[in-house]
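What follows is a single structure, written as structure tokens, with notes after it.
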Ligand code: 2NL
């Protein structure tokens, strides 16, 4: 029995030292120290031994077990350490390598233009107001002095959802709603930026969906000269302090009198070129004094209150400011176009 135990010890230790994986070690442990292993078997046969031999063999068996177990633990530690070394070597980082460039986005050109205009008008005491894109016939047309049968209400020109609902064709209904909310009780000084919709065939200068910013100032004693002063500030802020403006008579159903504003052409400085079609002036926006009917319908007494209003297309402003030649560039979202206007 003694020899058998010594033999097992030598055999097991040899296997441990020649093993190369943690799995091998586990297999050896099960094979030699497990319940069905040879050492357990030896211990089971101890019943046949004499009183004197029994403790000697018992002690030896335990020593052999311990020796094998220690050898397994030691080897396991060594293999684990090696594995860790290997892993660390494989995963080592060269922190001096230059980084990969990251694509950084930025605001859309239209967003930047709208925000720039908002900031300017906030500075002049205007509030920013938003409203629904699906509008009622009343707020989109009726409240703006566009009664039923008016040519601008042609079914062919608007996206109708039902008889009474449509996609708004301008942002004026936001202003009509705001005046209605205040019920003629206090002044209104607001601008409303937002998306609007018209049934147009898309081309270089038309889009079925585009952006509008309208402004409204209703108070006692508001004059056309107030409109002119505000629009002059706007034109110079957006296109340069050396720009001149002029107002021409025009017509809108919701303003009386109505005007259109031109700025002096910055390409030719007023001399006449292809951009201004030889006139030296470029049309920028429209406006006028709020029609008394519009004030009245919103609950403002036109004998006490009056106001000015204007409307512009940010796409047109951006196209003129940056020389964009096709409105569809704003909606195609080609990053090669968009990234030219990122400030960072
Ligand atoms: C244009 C012209 C305009 C208005 C919009 C307006 C709104 C109310 C009352 C009166 Cl609530 N007027 N808006 C007035 C004149 C012109 O837009 O050419 N837009 C692109």
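Here, each number is a calculation from the coordinates, and none is a lab measurement. The structure displayed is predicted, hence computed values, not measured ones. Every residue, glycine as well, gets a Cβ built from its backbone with ideal geometry; the counts of neighbours run over all protein chains shown.
Principal axis extents of the Cα atoms in the range 191-240, from largest to smallest and rounded to whole angstrom, are 41, 28, 15.
For residue 237 and residue 4, compute 0.36 nm times the residue count separating them, minus their Cα-Cα distance, and round to one decimal in nm. Don't jump to the answer; show the numbers that get you there.
Numbers: separation 233, 0.36 × 233 = 83.88 nm, distance 10.18 nm.
Roughly 73.7 nm would be gained on extension.
What do you get for the angle between helix 224-239 and the principal long axis of the chain? Use alpha-carbon atoms, 0 to 90 degrees, nearest ten. Rounded to the nearest ten degrees, it is 40.
Given a cut-off of under 8 Å on Cα pairs at least six residues apart, what relative contact order in percent is computed for the range 109-339?
After rounding, I find 21 percent.
Evaluate E = 1/(1 + (r/R0)^6) for residue 283 and residue 183, where r is the Cβ-Cβ distance and R0 equals 45 Å; express this FRET efficiency to the nearest 0.05. It comes out at approximately 0.80.
For the chain, the longest principal axis of the C-alpha atoms and the axis of helix 109-123 are separated by about 60°.
Remark: the Cα gyration tensor places the range 180-270 in the oblate category, a/c being 1.5 or greater and a/b not exceeding b/c.
Taking every pair of Cα atoms in the range 2-85, average 1/r, invert it to obtain the Kirkwood radius, and report Rg/Rh to two decimals.
On the way: Rg = 14.4 Å, Rh = 13.5 Å.
With Rg and the Kirkwood Rh in hand, the quotient comes to 1.06.
Starting from the Cα of residue 202, step 7 Å toward the Cβ, then list every residue of the range 301-344 with an amide N under 15 Å from that point. It comes to 326-335, nothing else. Kirkwood radius for the chain, taken over all pairs of different Cα atoms as the inverse mean of 1/r, rounds to 27.1 Å. Taking all Cα pairs closer than 8 Å and separated by 6 or more residues, the relative contact order of the range 2-85 comes to 42 percent. The angle between the Cα long axis of helix 172-182 and the main principal axis of the chain comes to about 90°, on a 0 to 90 degree scale. Centre-to-centre, using Cα atoms only, the range 275-316 and the range 201-220 are separated by 12 Å.
Taking the Cβ of each residue in 141, 121 as the centre, tally the other Cβ atoms inside 10 Å and list the residues starting with the fewest. Walk me through the intermediate numbers first.
Details: 141 25, 121 21.
Ranked by crowding around the Cβ, least crowded first: 121, 141.
Sorted fewest first by neighbouring Cβ atoms within 10 angstrom, 124, 238, 312 come out as 124, 238, 312. Geometric descriptor of the range 198-344, per residue, is 146 Å³ (volume of the convex hull of the Cα atoms). By the count of neighbouring beta-carbon atoms within 10 Å, fewest first, 317, 191, 282 end up ordered 282, 317, 191.
Given the Cα-Cα distance of residue 35 and residue 266 and 0.36 nm per residue of separation, how much length would full extension add, in nm?
Numbers: separation 231, 0.36 × 231 = 83.16 nm, distance 9.67 nm.
Extending this stretch completely gives an extra 73.5 nm.
With the cut-off at under 18 Å, measuring from each backbone N in the range 155-171 to a point 7 Å along the Cα-to-Cβ line of residue 331 picks out 156-161, 166-171.
Note on the chain: helix-only mean residue ellipticity at 222 nm, from DSSP H runs of 4+ residues weighted -39500 (n - 2.57) and normalised by residue number, equals -13000 deg cm²/dmol.
On full extension, the segment bounded by residue 342 and residue 220 gains 39.7 nm, given 0.36 nm per residue less the C-alpha separation.
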